[in-house]
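A.B. asks: Handing you a structure now.
The values are calculated or read from the model by the stated rules, or taken from the named source; none is laboratory data. Just so you know, these numbers come straight off a predicted model, no measurement behind them. Glycine gets a Cβ as well: all are built from the backbone with ideal geometry, and neighbour counts include every protein chain shown.
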């Protein structure tokens, strides 16, 4: 019974999508390094805050969708603990707020480097984590989830993580460009999720972008976001380093993902959801490796 309970909580945190929040921070660290700065402790705090906020958002999504009657047993997506009776609604609600409070700890530590004004940013992020599924106008229920993902999983984590590495605005042009790319690739994870659940969502009045525009249109958006996202991750190449174009090597994988999307339905798309989040994480790791190489290579030539 204990192992079953632990498994239910792990599923509720949706580990398949957590690479999305990790990728944003990694890309931000890379942008900071490419701009001449690196703060390991601030980076760790950014990572803990981002992952904690996403887990809280995932818990909130499960709780509030259950309360609004938007989930049903035997759904195509990953098993929902509250809907299936594995976790009580009260426990999930409590876990949501505990996760937010735990995420706030590393968030508050960042004030040491960034200043008190970061409190306001943290509050906005916390509100978003809840507003995605809760409140009088849940973003995910009105076709605004994709926009929110681009902002809060792309522009915000990449921009602020990069800024905290250097505490200089000269980092921001590259960071925000990369952040937009990360956000578009992160939005693809949501597109796959909503593509899979479109029939269930439509039946309960949940108006995601896939319900609004249809599967065919959003599948094309998936491929367009993949291409544009990977291109934007190559923004550091504008400084003259051709090898900064390495994220483009992932385009064939993105094309395969698109082909899988348009040829599968239902629960079989769970595999693509994982693959889409891992493609984003891989692209961010490549960007970080490029940043590290910009430090190591000059040292090697200097040694020679």
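A.B. asks: Look at the stretch 201-216 and say how many of its residues are within 23 Å of the chain's Cα centre (by Cα) and under 19 Å from residue 137 (Cα atoms).
C.D. replies: 8
A.B. asks: Something else about it: For the stretch 123-167: of the residues being assigned to a loop (DSSP other than H, G, I, E, B) and at pLDDT 90 or above, which is surrounded by the most Cβ atoms within 10 Å (Cβ to Cβ)? So that I can check it myself, show each step before the final result.
C.D. replies: Looking only at the stretch 123-167, we keep the residues that are assigned to a loop (DSSP other than H, G, I, E, B), and these are 132-138, 142-144, 167.
Narrowing further to those that are at pLDDT 90 or above: 144, 167.
Working: 144: 17, 167: 14.
So, considering only residues that are assigned to a loop (DSSP other than H, G, I, E, B) and at pLDDT 90 or above, the one surrounded by the most Cβ atoms within 10 Å (Cβ to Cβ) is 144.
Residues are listed down the side, and each one gets a yes or a no for (1) on the phi > 0 side of the Ramachandran plot; (2) surrounded by fewer than 18 Cβ atoms within 10 Å (Cβ to Cβ):
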| residue | (1), (2) |
| --- | --- |
| 193 | no, no |
| 196 | no, no |
| 204 | no, yes |
| 212 | no, yes |
| 252 | no, yes |
| 261 | no, no |
| 266 | yes, yes |
| 281 | no, no |
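A.B. asks: Now for a different question. Please go through the stretch 164-180 and give me each residue that is under 19 Å from the mean Cα position of the chain (by Cα) and without any contact (Cβ under 8 Å) to a residue 60 or more places away in the chain, ordered by number.
C.D. replies: Within the stretch 164-180, 176, 177, 180 qualify.
A.B. asks: While we're on this one: Suppose we filter the stretch 5-35 for residues that are touching a helix residue (DSSP H, G or I) at 6+ places or on another chain (Cβ under 8 Å), closer than 26 Å to residue 86 by Cα and not in a helix (DSSP H, G or I); how many remain?
C.D. replies: 5
A.B. asks: Restrict the check to the stretch 171-179 and report whether at least one residue is modelled with pLDDT of 95 or more and under 20 Å from residue 17 (Cα atoms).
C.D. replies: Checked the stretch 171-179: at least one residue is modelled with pLDDT of 95 or more and under 20 Å from residue 17 (Cα atoms).
A.B. asks: Suppose we filter 271, 219, 198, 255 for residues that are farther than 30 Å from residue 69 by Cβ and either within 18 Å of the chain's Cα centre (by Cα) or free of Cβ contacts under 8 Å to residues at least 60 places away in the same chain (or both); which single one remains?
C.D. replies: 255
A.B. asks: Quick check on the stretch 129-145. Is at least one of its residues more than 15 Å from the chain's Cα centre (by Cα), touching a residue at least 12 places away in the same chain (Cβ under 8 Å) and closer than 15 Å to residue 21 by Cβ?
C.D. replies: No, the stretch 129-145 contains no residue that is more than 15 Å from the chain's Cα centre (by Cα), touching a residue at least 12 places away in the same chain (Cβ under 8 Å) and closer than 15 Å to residue 21 by Cβ.
A.B. asks: A follow-up question, please. Is the stretch 218-238 home to any residue that is at pLDDT below 95, assigned to a helix (DSSP H, G or I) and surrounded by fewer than 18 Cβ atoms within 10 Å (Cβ to Cβ)?
C.D. replies: First, the residues of the stretch 218-238 that are at pLDDT below 95: 234-238.
Right, trim to assigned to a helix (DSSP H, G or I) and you get 235-238.
Restricting the remaining residues to those that are surrounded by fewer than 18 Cβ atoms within 10 Å (Cβ to Cβ) gives 237-238.
Within the stretch 218-238, one or more residues are at pLDDT below 95, assigned to a helix (DSSP H, G or I) and surrounded by fewer than 18 Cβ atoms within 10 Å (Cβ to Cβ).
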